[in-house]
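First up is the structure itself, then whatever we jot down about it.
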Amino acid sequence: MSTQTAIEPAAERRESGVPIPVASPRELLPYWIFAGLVLMLAIYFVGAEEGATSVFSGSAIHELVHDARHLLGFPCH
Amino acid sequence: MVRTLLVRGMLVGLVVGLVAFAWAYFVGEPPVKAAIAVEEAAAAKAGAMDEGAPEVSRDLQSTLGLLTGILIFSTAIGGFVGLIFAMIYGRIGALQARATALVIAAVGFTTVVLVPFTKYPANPPAVGSGDTIGERTGWFFVLIVIAIVAAVAAGRLIRDLYARWGVGNAVAAGLLLFAVLIGVAHLALPAENEVRTGFPPQVLWDFRLANLGTQAIIWSLLAFGFGHAAERALAGKPLLGRRAAAGASAPTT
Ligand SMILES: [Zn+2]
């Protein structure tokens with residue numbers, strides 16, 4: 001299952017039924033940097049784009065997801 | 001495994017978003033429409049010029065636009081739940097997959113939805129002033145960041161205390177710390193009250209309940225859906241179906 005979790009005494013933990021971490025912090029870091037950034041951008045796109053700040057010009061994006069922004073609880077007009 | 005958890009989180013988020021959309025459409029759109037009608041009536045009374053047709057029609061905003069926005073948000077939140085799961089699973093005591101997913105969703109809903117709601121509650125369209133939107137959005141996100149930091153601090157306190165104090169007392173101390181930190185943030189951050197006198201309170205109330213309901217659906221269904229999906233991932237099973245994956249012995253990392 002988990003590939004590199006030799007940090008903990010894995011066999012001992014498995015016997016006692018305590019779950020074993022799936023990844024070390026080092027393995028997680030690139031996921032957090034790349035996926036975390038993309039996911040944050042997605043939330044920004046719905047929650048703030050052209051409301052408070054703007055990356056794309058025009059207001060079509062803001063207006064398209066506008067009702068979602070309100071009903072998800074983001075500040076708007 | 002991290003990638004599997006990330007992808008499954010996003011997939012569950014996508015499906016959950018469909019349910020949240022149904023709620024938002026049937027429960028949330030009526031007060032949204034009512035608020036816009038109030039705005040238009042007020043504008044007509046004041047003899048204001050018609051702003052003209054919006055770039056995206058109201059019909060599109062309340063259907064496809066609403067669906068798009070909620071699906072993007074819900075999928076992204078699902079991805080974050082997957083990443084956080086990969087980070088903390090096996091590191092919070094003996095908590096199993098489903099319980100871990102439940103803790104993540106409960107803390108997520110509290111920090112991202114409940115805490116900001118208590119200070120900067122959601123408003124229907126036409127309530128906020130265009131001049132203060134940047135400021136309001138800024139403080140809203142500041143409060144979310146404060147809530148996440150406070151939750152991490154509480155989590156660390158629980159971890160440090162629990163061997164000596166036992167789980168119950170340690171969690172109580174953690175909750176107290178969280179409440180105190182949020183209380184201080186409440187007092188320190190500026191108030192924003194945009195609702196003008198005369199706005200129908202029933203519309204405001206209905207809208208805010210619809211907002212909480214939309215978010216509650218997203219986070220609670222994620223807790224159960226992703227808990228299930230993560231448990232299957234850890235057992236080397238595919239997301240759907242009964243049989244174990246053929247490549248279960250060599251899962252993607
Ligand atoms: Zn708005």
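Charge dipole (Cα centre; +1 on Lys/Arg Cβ, -1 on Asp/Glu Cβ; no other charges) of the range B:110-253 amounts to roughly 680 debye. The label point for residue B:152 and the one for residue B:18, both projected 7 Å from the Cα toward the Cβ, are 3.6 nm apart. Counting heavy atoms of the protein chains alone, residue B:87 has an accessible area of about 80 Å² for a 1.4 Å probe. Rounded to the nearest 0.05, the FRET efficiency derived from the C-beta distance between residue B:237 and residue B:99 at R0 = 25 Å is 0.85. Set against the 2.2 N^0.38 Å expectation for a compact globular protein, the protein assembly as shown has a Cα radius of gyration ratio of 1.09.
Counting Cβ atoms of other protein chains within 10 Å of each Cβ in A:20-27 and taking the mean gives 5. Simple rule: put +1 on each Lys or Arg Cβ and -1 on each Asp or Glu Cβ in the protein assembly as shown, find the dipole, and look at B:71, B:15, B:240; the Cα lying farthest toward the positive end is B:240.
Take the range B:80-212 with all the other protein chains still there, run a 1.4 Å probe, and you get 50 Å² of accessible area per residue. Between B and A, roughly 4500 Å² of accessible area is buried in total, ligands, DNA and RNA not counted and the probe set to 1.4 Å.
Once phi is turned into ³J(HN,Hα) by the Karplus curve 6.51 cos²θ - 1.76 cosθ + 1.60 with θ = phi - 60°, what whole-Hz value does each residue of the range A:63-72 show in order, with x for glycine and proline? My calculation for the range A:63-72 gives 6, 5, 8, 4, 5, 4, 4, 5, 6, 8 Hz in order.
Here the accessible area is traced with a 1.4 Å probe on the protein chains. For the protein assembly as shown, carbon and sulfur cover 69 percent of it. Look at the dipole of the protein assembly as shown built from charges on Cβ: of B:97, B:190, B:178, the Cα furthest out on the positive end belongs to B:97. If R0 equals 45 Å, the separation of the Cβ atoms of residue B:64 and residue B:167 corresponds to a calculated FRET efficiency of about 0.45. Compared with the direct C-alpha span, the chain from residue B:179 to residue B:92 gains 29.2 nm at full extension, assuming 0.36 nm per residue.
When the GluC sites (Glu not before Pro) in the range B:18-89 are filtered for DSSP coil states and for at most 16 other beta-carbon atoms within 10 Å of their beta-carbon, the remaining sites are B:51, B:55.
Taken one residue at a time, the phi angles of the range B:112-126 give Karplus couplings (6.51, -1.76, 1.60, θ = phi - 60°) of 8, 10, 5, 4, x, 5, 5, 10, 10, x, 4, 10, x, x, 6 Hz. Gly and Pro are set to x. Once you reduce the range B:171-244 and the range B:69-116 to the center of their Cα atoms, the two points are 10 Å from each other.
With no solvent and one equal point scatterer placed on each C-alpha of the range B:1-140, evaluate the Debye formula and give log10 I(q)/I(0) for q = 0.09, 0.15 Å⁻¹, two decimals. So the normalised log intensities work out to -0.40, -0.93.
The values are calculated or read from the model by the stated rules, or taken from the named source; none is laboratory data. Model, not experiment: these values are computed from the prediction. All Cβ positions, glycine included, derive from the backbone under ideal geometry; neighbour counts span all protein chains shown. The accessibility values were calculated without ligands, DNA or RNA, using every heavy atom of the protein model including side chains. Shrake-Rupley method; radii C 1.70, N 1.55, O 1.52, S 1.80 Å.
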